[in-house]
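Notes for the one structure printed next.
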Amino acid sequence: MPRVLDPELKRALAERIRYYNELGIYDFYRREDQVSALTLTNLTSIEPAASSAAHESPSQQREQMIDRRSAVGIAATPDENMFEVLSTKPEYGVDDPARALKIIREDLGDCTRCVLHKQGRKQIVFGVGNQQADLMFIGEAPGADEDQQGEPFVGRAGQLLNNMIKAMGLRREDVYIANIIKCRPPGNRTPEREECETCSPFLMRQIAAIKPKVIVALGAVAAKTLLAINASMAELRGRWYDFKPSGVRSNDPSWTSAKLAVTYHPAFLLRDPRQKKEAWKDLQMAMKELALSVSKKGSA
Ligand code: URA
């Protein structure tokens, strides 16, 4: 039976699970006798199956983790739905990314998990491209054209993204393209935090199925949601983050994380083309990481 938890407790619990995930611990057990009595001060009834930091108090562990994270640029990722985290995903054990993605799409169904389903969306925009791509681009949300066609980045911003991909020496069909949220917000407004949190677990599962080497977050909404960092684009760009999709793990033990870089959203570049030079630097960083030839001049 579904359990209803106080949102504050749910958030704190998800935070603890995310913290253990960051330590490389994914398996948990619940002390059944305490589950019904969970409170904010009693989070220890969710235990890691084995903790290398068992001798440290939770607050010591947390402080050290924050230090480590800022020192090495490890990304925290939000996932407040800890029962999703704890439950087994139906695609676990499915090695073929295409099949895993199909399962995730089926699980998403005709989604009504957030308000966007009743605010004029025509269809869910799941993602498109090479299901075994080394490179993934993640944007914010579908716009009108994407909502019409059911595919991310097909409007004007999409044309520019295509040019950016081409400038990297790749074709659109070589990469995988998705968004933080899968339904068009009315009037193309910025997605609400709750919408991002409700929808992004599906994106995390898509990432774990595709297992990209590199993720490029397009714009501030994508970057801040994926990294759970509230920072300016100037602070976010120009470095690598070690990105582990939160709440999920890949079937492939050799893949635990992707390298994530942040660049400007193509829609922003359409408004301020002078920043294309900066975006090209970000893409070159990604090209180097993917061992693509960086001698080409950017033509986006
Ligand atoms: N902007 C986005 O962030 N995503 C799209 O799919 C289209 C425009």
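Which residue is farthest from the ligand (Cβ to nearest atom), if the candidates are limited to region 137-154 and must be within 22 Å of the chain's Cα centre (by Cα) and over 19 Å from residue 269 (Cα atoms)? Talk me through it step by step, then tell me what you get.
Let us first name the residues in region 137-154 that are within 22 Å of the chain's Cα centre (by Cα), namely 137-143, 146-147, 150-154.
Those left that are additionally over 19 Å from residue 269 (Cα atoms): 147, 150-151.
Working: 147: 9, 150: 11, 151: 8 Å.
The extreme case among them is 150.
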Item to complete: Would you be able to tell me the number of residues in region 181-194 that are part of a loop (DSSP other than H, G, I, E, B) and within 20 Å of residue 270 (Cβ to Cβ)?
Response: 5
Worksheet item: Of all residues in region 155-180 being outside any helix (DSSP H, G or I) and out of contact with any strand residue (DSSP E or B) (no Cβ under 9 Å at 6 or more places or on another chain), which is farthest from the ligand (Cβ to nearest atom)?
Response: 169
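I'd like the residue in region 129-159 that is in contact with a helix residue (DSSP H, G or I) (Cβ under 8 Å, 6 or more places away or on another chain) and within 17 Å of residue 284 (Cβ to Cβ) and, out of all such residues, is surrounded by the fewest Cβ atoms within 10 Å (Cβ to Cβ).
To start, the set of residues in region 129-159 that are in contact with a helix residue (DSSP H, G or I) (Cβ under 8 Å, 6 or more places away or on another chain) comprises 129-133, 135-141, 143-146, 152-158.
If we keep only those that are within 17 Å of residue 284 (Cβ to Cβ) as well, we get 135, 137.
Numbers: 135: 26, 137: 28.
The extreme case among them is 135.
Kindly establish whether residue 170 is out of contact with any Leu (no Cβ under 9 Å at 6 or more places or on another chain) and farther than 17 Å from residue 265 by Cβ. I'd like the intermediate steps shown before the answer.
Details: out of contact with any Leu (no Cβ under 9 Å at 6 or more places or on another chain): no; farther than 17 Å from residue 265 by Cβ: yes.
Taking the combined requirement at face value, the residue does not satisfy it.
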Worksheet item: Residues 217, 223, 267: which one is part of a strand (DSSP E or B) and within 16 Å of the ligand (Cβ to nearest atom)?
Response: 217
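Kindly establish whether residue 239 is out of contact with any Pro (no Cβ under 6 Å at 6 or more places or on another chain) and within 16 Å of the ligand (Cβ to nearest atom).
Details: out of contact with any Pro (no Cβ under 6 Å at 6 or more places or on another chain): yes; within 16 Å of the ligand (Cβ to nearest atom): no.
So residue 239 does not fit the description; no.
Bear in mind that the values in this text are calculations on the coordinates, not laboratory data. In this text, all values refer to a predicted model and were calculated from it rather than measured experimentally. Don't worry about glycine lacking a Cβ; one is built from the backbone with ideal geometry, like all the others, and counts go over all protein chains shown.
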